[in-house]
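All remarks here apply to the structure that follows.
A short reminder: the numbers here are calculations on the coordinates, not readings from a lab. Since the structure is predicted, the reported quantities are computational estimates derived from the model, not experimental observations. Backbone-built Cβ (ideal geometry, glycine too); neighbour counts: all protein chains shown.
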Amino acid sequence: MATPAQWIEGARLRTLPMALAPVLAGSAAAQALHSFDLLRALLALLVALLLQVGVNYANDYSDGIRGTDDDRVGPLRLTGSGAARPQHVKAAALLCFGLAAVAGAVLVVLSRQWWFVPVGLSAVLAAWGYTGGRMPYGYLGLGDLFVLVYFGLVAVLGTTLTQAGTLNAEAWVAAAATGLIACALLMANNVRDLPTDREAGKRTLAVRLGDRRARAVFAAEIAVAFALVLLLVPANPWMLLVLLLVPAAVPPVATVLRAGDRRLLVPVLKQCGVLNVGWALLFLLAVLLRQWV
């Protein structure tokens, strides 16, 4: 359905980082409780990855059939470009969601976190409803909220709960921080697409805020994601290691704040993905050093 080059591009920009970062962070929080479980972490990663791939296919399909991608600045879309038939892209999305449900069911059985069943089902519905259905919430400016909830709170807290059975301060901070960086990635994407989204009637948060304020919100989301780690420093001074990544956040923030040519925002998506994974890795390192040193 997609060429290898298209798959690699999608994974490089959004898919793998969006799935990996919250699972790493949630597993780090579980390790802080001495409850890390590799099998459950891998299952959580599989669920997150399949949901993210499914979201990408679903958005491609829904935006394509609505004509939102007819004049696109960013990476190639399968439906909008005519590279794949819409029904094939839709089938790929549904297949990913189905496989995510199977992996999620196994994770629920192993962890006995039965309450996660309706949460998982709501995640699938949210993934489809972003741009699909009669009233897609992504067209109403609610996409950022759902990204924060599902790619931040649900992904991180769910990962921690299915391993440790409880939550800690590390889990809550990581959930908010990785969710905000994911929101920043979405904001950069929507700032890039702002003119065409406005013309197509897609009222993203960036469209509602306007160009200048949307760019400022992007910078604020990145800043708060790093500032949140300071809440954990009194109990674990090693958390300051996460701030070593701040210099890497400067280029994408500067680009979003200053770039007039919207094509320059395309690399920011990759940079946000790298920031999110880097934040989670340094967070994990801080947890391990607290326990080992």
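For the chain, the membrane-span-like helix rule (DSSP H, alpha carbon extent of at least 20 Å along the helix axis, mean Kyte-Doolittle at least 1.6) picks out 86-111; this says nothing about an actual membrane.
Over segment 191-293, what is the relative contact order in whole percent, taking alpha-carbon pairs under 8 Å and six or more residues apart? Let's see the in-between values first.
On the way: 77 pairs, mean separation 29.9, N = 103.
Dividing the mean separation by the residue count of segment 191-293 yields 29 percent.
With R₀ set to 22 Å, the beta-carbon distance separating residue 208 from residue 125 gives a calculated FRET efficiency near 0.40. The stretch between residue 240 and residue 91, if pulled fully straight at 0.36 nm per residue, gains 49.1 nm over its current Cα-Cα span.
Highest GNM mean-square fluctuation among 147, 119, 47, for the chain modelled with Cα contacts below 10 Å: 119. Orientation-averaged projection of the chain equals 14.1 nm² [convex hull of Cα atoms, one quarter of hull surface area]. Extension gain for residue 169-residue 35 works out to 46.8 nm (0.36 nm per residue, less the C-alpha to C-alpha distance).
Using only Cα coordinates, the Kirkwood hydrodynamic radius of segment 109-163 works out to 12.0 Å.
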